[in-house]
Amino acid sequence: MRPDPLAFLSAELDNLKQQGLHRSLRVLQGRQQATSAFDGKTVVNLSSNNYLGLTTHPRLIDSALAATREFGAGSGSVRTIAGTMAIHMELERRLATFKKVESVVVFQSGFAANAGTVSAILTKDDVVISDELNHASIIDGCRLSRAAIKVFPHKDPDAARKILKDLPASQRKLLITDGVFSMDGDVGALPELCDIAEEFGAIMMVDDAHASGVFGKNGRGTIDHFNVHGRVDIQVGTLSKAMGALGGYVAGSHDLIDFLYHRARPFLFSTSHPPAVAAACLAALDVLEQEPEIIERLWDNTRFFKKGLESMGFNTGLSQSPITPVIVGEGSRAMKLSDRLFQEGVFASGIAFPTVARDKARVRTIVTAAHTKDELQYALDKFKLVGTELGLI
Ligand SMILES: Cc1ncc(COP(=O)(O)O)c(C=O)c1O
């Protein structure tokens, strides 16, 4: 019998187990909602990105079902061959109007939008100036582009400026930040970074995955929140989180979008969304425009829950969004906190290195508009119980 060439993976997995970092996938039984059943246990769900509860909103479900009946289950092709359906174009037009830009292209996911865009617009002669906590899809896009990567300390525009100042004026530069940082819930320094991009002629790009549907008027994102419309050349949004369905998009100029239609590899080489997905996203836009009180509810719940955690003495970092981390230090401690909470009926996922720094492991909580105050109070009570038990508060 030939030796298993993948045997080294067992050693890697054993290593994870020894460090207490090996995880099994939690399996959701039924719908993604504020209280859900995972692994057979009913828990208050503080782990989804379903900020507005739209995964189960009747308007999204009805639209997806109607589109499936009318147009079928799949699109059957990549966008550039036979897979551009009228409903895909309608979604791009609606998103462009919503985001107040000339044009939008929709990708299969936010990950594909980031990685596909950065790798399409940059070459090995260019340079990316990137916040150290930017999302993995940005990092992968940078690597794929083969451009030089210069990382600046988290939310430090002065450091970004110093990097830009030392670069040759003729070199093409991309300055890039998350709008909301996914592990800390803090907000990027958009106005300052826009100033710097303008000063040095850099392309300005913002990944607004966690801000879409959450920040700005009707959930238009951080560009709207900071009123920097027209100063961000490339905006990425996701349709997979607050929008309740799936996908990512790039918003910008006609030329940017036309170029991505020709050069963004996930767009060129991967099949487009089923009509149901596009229809659900269109319905989500209707909800943002016609039911903005849902966004208000999200923020009301966010304030309530954050205040509860902070008043107990947990270290919640510098969050400014519905993402509130409970930072505990070592990875195994975060996993223990998460496991004990789960036993007590609260699902808040443990996050450790390499997703966050080794000494900043945490349990990440995300409240949604769909949580009731009773559900949130239940979760707070359990945080108090388990936090005391583990000596965290
Ligand atoms: C900051 C950030 N950007 C992009 C993405 C990718 O979005 P999607 O889940 O639509 O691929 C995520 C989601 O995990 C994210 O947190």
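The values are calculated or read from the model by the stated rules, or taken from the named source; none is laboratory data. Bear in mind that the values here come from a model prediction, so they are computed numbers and not experimental data. Because the Cβ atoms are built from the backbone with ideal geometry, glycine has one as well, and the counts that use them run over all protein chains shown. All accessible areas refer to the heavy atoms of the entire protein, side chains included, with ligands and DNA or RNA removed. Shrake-Rupley method; radii C 1.70, N 1.55, O 1.52, S 1.80 Å.
Kindly provide the pair-distance distribution of the range 103-226 built from C-alpha pairs, with 5 Å bins from 0 and whole-percent values in order of increasing distance.
Taking every Cα pair in the range 103-226, the percentages come to 2, 12, 22, 24, 22, 12, 5, 1, 0.
In a Debye calculation with equal point scatterers on the alpha-carbon sites of the range 1-99 and no solvent, what is log10 I(q)/I(0) at q = 0.18, 0.23 Å⁻¹?
Scattering profile of the range 1-99, log10 relative to I(0): -0.99, -1.21.
With r defined as the distance between the Cβ atoms of residue 381 and residue 148 and R0 fixed at 56 Å, what FRET efficiency is calculated, to the nearest 0.05?
Efficiency at R0 = 56 Å is approximately 0.65.
Distance between the C-alpha centers of the range 162-188 and the range 205-279? Whole Å please.
A separation of 18 Å, based on Cα centres.
Among 11, 216, 72, whose Cα lies farthest out toward the positive end of the dipole of the chain, if unit charges sit on the beta carbon of Lys, Arg (+1) and Asp, Glu (-1)?
Farthest towards the positive pole: 11.
Report the net charge of residues surrounding residue 361, where surrounding means a beta-carbon distance below 12 angstrom and charges are Lys +1, Arg +1, Asp -1, Glu -1.
Values: positive: 333, 336, 358, 360, 362, 364; negative: 330, 359.
Overall, the nearby charge balance is +4.
Let's test the formula: R0 of 35 Å, r as the Cβ-Cβ distance of residue 258 and residue 343. What FRET efficiency results, to the nearest 0.05?
0.05
For labels at residue 303 and residue 69 in the simple 7 Å Cα→Cβ model, what's the distance in nm?
Between residue 303 and residue 69, the label points sit 4.2 nm apart.
In whole Å, what is the distance between the alpha-carbon centres of the range 292-332 and the range 55-88?
Rounded to whole Å, the Cα centres lie 35 Å apart.
Please give the per residue accessible area of the chain, computed with a probe of 1.4 Å over protein heavy atoms only, in Å². Kindly include the intermediate steps, with their values, before the conclusion.
Details: 17560 Å² over 393 residues.
Averaged over the residues of the chain, the accessible area is 45 Å².
Computed on alpha carbon atoms, what radius of gyration and Dmax characterise the chain, expressed in Å?
21.4, 65
Which loop-located GluC sites (Glu not before Pro) does the range 183-238 contain, where loop means any DSSP state but H, G, I, E or B and the Cβ has at most 12 other Cβ atoms within 10 Å? Working shown, then result.
Details: sites: 192, 198, 199; in loops: none.
Answer by residue number: there is no such site.
What spacing in nm lies between the two simple spin-label points modelled at residue 167 and residue 229, each 7 Å away from Cα in the Cβ direction?
Simple spin-label model gives 2.8 nm for this pair.
Can you tell me which of 255-267, 112-124 comes out highest on packing, and rank the rest after it, using the mean Cβ neighbours within 10 Å?
Output ranking for 255-267, 112-124: 112-124, 255-267.
Highest mean first, how do 83-91, 67-75 rank when packing is the count of other Cβ atoms within 10 Å averaged over residues?
Order by mean packing, descending: 83-91, 67-75.
Which of the chymotrypsin sites (Phe, Trp or Tyr not before Pro) found in the range 278-364 are loop residues per DSSP with 11 or fewer other Cβ atoms within 10 Å of their Cβ?
Hits after loop and neighbour filter: nothing returned.
Can you give the percent of C-alpha pairs in the range 163-242 whose distance is more than 17 Å? If you can, show how the numbers build up before the last one.
Numbers: 1358 of 3160 pairs.
I get 43 percent for the Cα pairs in the range 163-242 exceeding 17 Å.
Got a number for carbon plus sulfur as a percent of the chain's accessible area, 1.4 Å probe?
Carbon plus sulfur share of accessible area: 53 percent.
Would you mind checking 217/373; 100/241; 306/360; 124/360; 41/306 for any pair whose Cα atoms are more than 27 angstrom apart?
Beyond 27 Å: 124/360.
Per residue of the chain, what 222 nm ellipticity follows from adding -39500 (n - 2.57) for every DSSP H run with n ≥ 4, rounded to the nearest 500?
Result for the chain, helices only: -13000 deg cm²/dmol.
How compact is the range 70-116 by the rule of thumb for globular proteins, expressed as Cα Rg over 2.2 N^0.38 Å?
Ratio of Rg to 2.2 N^0.38 Å for the range 70-116: 1.24.
Which whole-percent values make up P(r) of the range 243-393 when all C-alpha to C-alpha distances are grouped in 5 Å steps starting at zero?
Taking all Cα pairs of the range 243-393, the binned fractions are 2, 8, 14, 15, 14, 11, 12, 12, 7, 4, 1, 0 percent.
Full-extension gain between residue 355 and residue 90, please, as 0.36 nm times their residue separation minus the C-alpha to C-alpha distance.
Once the chain is fully extended between residue 355 and residue 90, it gains 91.8 nm.
Report the FRET efficiency, 1/(1 + (r/R0)^6), for residue 268 and residue 11, where r is their Cβ-Cβ distance and R0 is 35 Å, rounded to 0.05.
Between residue 268 and residue 11 the formula returns 0.40.
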